[in-house]
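First comes the structure, then the notes that go with it.
The values are calculated or read from the model by the stated rules, or taken from the named source; none is laboratory data. What you see is a predicted model; the values in this text were computed from it and never measured. Every residue, glycine among them, receives a Cβ derived from its backbone with ideal geometry; neighbour counts consider all protein chains shown. Protein only, heavy atoms only, side chains kept; ligands, DNA and RNA dropped before computing areas. Shrake-Rupley method; radii C 1.70, N 1.55, O 1.52, S 1.80 Å.
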Amino acid sequence: MDTILVVNAGSSSVKFQVFSVEGEGNLYRRIKGQIDGIGSRPRLRANGPNGEPMADRAYPIEAVADVPAAMSVAGAWLREELNINPVAVGHRVVHGGPDYANPVLIDHGVVGRLERYISLAPLHQPHNLAPIKTILNNFPALPQVACFDTAFHRDHNALADHYAIPYQLHAEGIRRYGFHGLSYEYIAKRLPQVAPDVAGGRVIVAHLGSGASMGAIKNGKSVESTMGFTALDGLAMGTRVGQLDPGVVLYLIAEKGMSISKVQDFLYRDCGLKGLSGVSNDMRELESSEDPRAAFAIEYFVYRVGLHAGMLAAALQGLDAFVFTAGIGENSASIRARIGERLAWLGVVLDPGENAGHASRISRFDSRVPVYVIPTDEELMIAQHTLSLLVNPKTHDQKHERVS
Ligand code: ADP
């Protein structure tokens, strides 16, 4: 059985999934696993396709001290205990910089280029690249594919792609990239099945998870995003600040004496829902909290989704459908209901029963703008890209690659 391994590596966890390739390139999810607690309390957990447990093991800290070690442990488990030898590995890589508008087959040259983007995503890119390098060294013949969170947005027009800064800085790569592209791409692919009448139209997708952003999609293509140069911009997130006057950053440095790394830590880890509420970064905890600051944080989140919907509707010059996805978007009927109220002026009327039942279409029959809940699947997207590059390596590697 041919299999594809999908890897999503962060600073303290490596998530992985195994897909089997069957028939005419159909993909079936076989294993969903992760090693978390890297460098603190490492633990391998994995489940089968119906959630059945396959592994739950703790490791001593020195056995899984970093991401490459975690990759080796997961790889050994798959090979030695399950006899799984993937035909290719697909990786989630947060930043493709200005160069990559599509997934790419990895070689040492590509790794070198992607390392240049570490400064654009210092908290993510090095961890994404670590397992790629480990596999490249240990299994040089095994095809690996990098799939970028920025790629789906690379066709934004110049107005959406620029900041109002001198052109030279844009040429250096200071651009509004946008993120969560694999999620938006998956939703754009699902739309013709879920909502054929509007799939060719103007759609706002709200990817509301721990990281949250919204994207404007026109005829299946991304035209605008609430995120920009980094995954900090736009909506307030679990711990990330979202849209912020850059003057605040100057103030923190000049008046509060914060160092660059303190400011970075602060903006990524101590703001957003966590900073606002002082209670939690987790929407479930906020929803069940009695603390008025938790209620305020939720209200703020909903308000900002509404504001950004207005911005994206302006970019699209109208609105034909609205889609909720990711942890909060897929699971919280109450947040969806509140956002629905904020979108009433755009022509949204939710159906309370369908919304509470987590139906696929949650708007009322007479809502001018239909509203959908579509569970995202970034890993399937990565597996599909990896398979299509295996089958047709030249097309993707050369033709769609853009060099700035
Ligand atoms: P990420 O992939 O960015 O880590 P997820 O897409 O898994 O994030 O979303 C995590 C968020 O979704 C958390 O804030 C969590 O509280 C929220 N969430 C998950 N289930 C629910 C639920 N039933 N009600 C409200 N929020 C939920």
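Looking at the range 287-305 only, could you name the residues that are part of a helix (DSSP H, G or I) and either within 28 Å of Met258 (Cα to Cα) or within 13 Å of the ligand (Cβ to nearest atom) (or both)?
Across the range 287-305, the qualifying residues are Glu287, Ser288, Arg293, Ala294, Phe296, Ala297, Ile298, Tyr300, Phe301, Val302, Arg304.
Check Arg284 against each of (1) assigned to a loop (DSSP other than H, G, I, E, B); (2) charged (D, E, K, R); (3) open to solvent by 80 Å² or more (accessible area, probe 1.4 Å) and name the one condition it does not meet.
(1)
Any residue at all in the range 151-161 that's out of contact with any Lys or Arg (no Cβ under 9 Å at 6 or more places or on another chain), farther than 21 Å from Ala326 by Cβ and without any contact (Cβ under 8 Å) to a residue 24 or more places away in the chain? Please lay out each step first, then the result.
Taking the range 151-161 as the starting set, the residues that turn out to be out of contact with any Lys or Arg (no Cβ under 9 Å at 6 or more places or on another chain) are 151, 157-159.
From the residues that got through so far, the ones that are farther than 21 Å from Ala326 by Cβ too are 157-159.
After this cut, where a residue has to be without any contact (Cβ under 8 Å) to a residue 24 or more places away in the chain as well, the list is 158-159.
There is at least one residue in the range 151-161 that is out of contact with any Lys or Arg (no Cβ under 9 Å at 6 or more places or on another chain), farther than 21 Å from Ala326 by Cβ and without any contact (Cβ under 8 Å) to a residue 24 or more places away in the chain.
Determine which member of the set Leu27, Leu5 is assigned to a strand (DSSP E or B), surrounded by fewer than 21 Cβ atoms within 10 Å (Cβ to Cβ) and among the hydrophobic types (A, V, I, L, M, F, W, C).
Values: Leu5 fails: surrounded by fewer than 21 Cβ atoms within 10 Å (Cβ to Cβ).
The conditions single out Leu27.
Mind listing whichever residues of the range 244-281 are part of a helix (DSSP H, G or I), in contact (Cβ under 8 Å) with a residue 40 or more places away in the chain and within 16 Å of the ligand (Cβ to nearest atom)?
Hits for the range 244-281 are Tyr268, Leu276.
Among (1) under 18 Å from the mean Cα position of the chain (by Cα); (2) polar (S, T, N, Q); (3) open to solvent by less than 10 Å² (accessible area, probe 1.4 Å); (4) under 21 Å from Asn392 (Cβ atoms), which single condition is Asn102 missing?
With (1) under 18 Å from the mean Cα position of the chain (by Cα); (2) polar (S, T, N, Q); (3) open to solvent by less than 10 Å² (accessible area, probe 1.4 Å); (4) under 21 Å from Asn392 (Cβ atoms) applied to Asn102, the lone miss is (3).
Hey, does the range 228-243 have a residue that's under 24 Å from the mean Cα position of the chain (by Cα) and more than 28 Å from Pro122 (Cα to Cα)?
Within the range 228-243, the subset under 24 Å from the mean Cα position of the chain (by Cα) is 228-243.
Those still in the list that are more than 28 Å from Pro122 (Cα to Cα) too: none.
No: zero hits.
Anything in the range 196-243 that is within 16 Å of the ligand (Cβ to nearest atom) and of a type in the set (Ser, Thr, Tyr)? List them, or say none.
Residues satisfying the conditions are Ser210, Ser213, Ser225, Thr226, Thr230, Thr239.
Does the range 335-357 hold any residues that are under 23 Å from the mean Cα position of the chain (by Cα) and open to solvent by 40 Å² or more (accessible area, probe 1.4 Å), and which are they?
none
Exactly one condition in (1) in contact (Cβ under 8 Å) with a residue 40 or more places away in the chain; (2) surrounded by fewer than 19 Cβ atoms within 10 Å (Cβ to Cβ); (3) among the β-branched types (Val, Ile, Thr) is false for Thr376; which is it?
(2)
Any chance you could count how many residues in the range 16-51 are under 21 Å from the mean Cα position of the chain (by Cα) and among the acidic types (Asp, Glu)?
Final tally of qualifying residues: 1.
I want to confirm something. Restricting to the range 163-180 and keeping residues that are in a loop (DSSP other than H, G, I, E, B) and either of a type in the set (Ser, Thr, Tyr) or without any contact (Cβ under 8 Å) to a residue 40 or more places away in the chain (or both), which single residue is surrounded by the most Cβ atoms within 10 Å (Cβ to Cβ)?
Checking each candidate, the answer is Tyr177.
Hey, Ala254 hits all of (1) closer than 23 Å to Phe148 by Cα; (2) open to solvent by 40 Å² or more (accessible area, probe 1.4 Å) but one; which does it fall short on?
Among (1) closer than 23 Å to Phe148 by Cα; (2) open to solvent by 40 Å² or more (accessible area, probe 1.4 Å), Ala254 violates only (1).
Of all residues in the range 132-151, count the ones that are open to solvent by less than 20 Å² (accessible area, probe 1.4 Å) and of a type in the set (Phe, Trp, Tyr).
Total meeting the criteria: 1.
As an exercise: evaluate His127 against (1) open to solvent by 40 Å² or more (accessible area, probe 1.4 Å); (2) more than 21 Å from the chain's Cα centre (by Cα) and give the number of the one condition it does not meet.
(2) is the only condition that His127 fails.
I want to confirm something. Restricting to the range 181-195 and keeping residues that are more than 16 Å from the ligand (Cβ to nearest atom) and open to solvent by less than 10 Å² (accessible area, probe 1.4 Å), which single residue is nearest to the chain's Cα centre (by Cα)?
So, considering only residues that are more than 16 Å from the ligand (Cβ to nearest atom) and open to solvent by less than 10 Å² (accessible area, probe 1.4 Å), the one nearest to the chain's Cα centre (by Cα) is Leu191.
Here is a check on your reading of the model: is Ser222 farther than 16 Å from Arg304 by Cα, in contact with a strand residue (DSSP E or B) (Cβ under 6 Å, 6 or more places away or on another chain), open to solvent by less than 60 Å² (accessible area, probe 1.4 Å) and not aliphatic (A, V, I, L, M)?
The answer is yes for Ser222.
Take Gly109 and tell me if it is surrounded by fewer than 15 Cβ atoms within 10 Å (Cβ to Cβ) and of a type outside the set (D, E, K, R).
On the way: surrounded by fewer than 15 Cβ atoms within 10 Å (Cβ to Cβ): yes; of a type outside the set (D, E, K, R): yes.
Yes.
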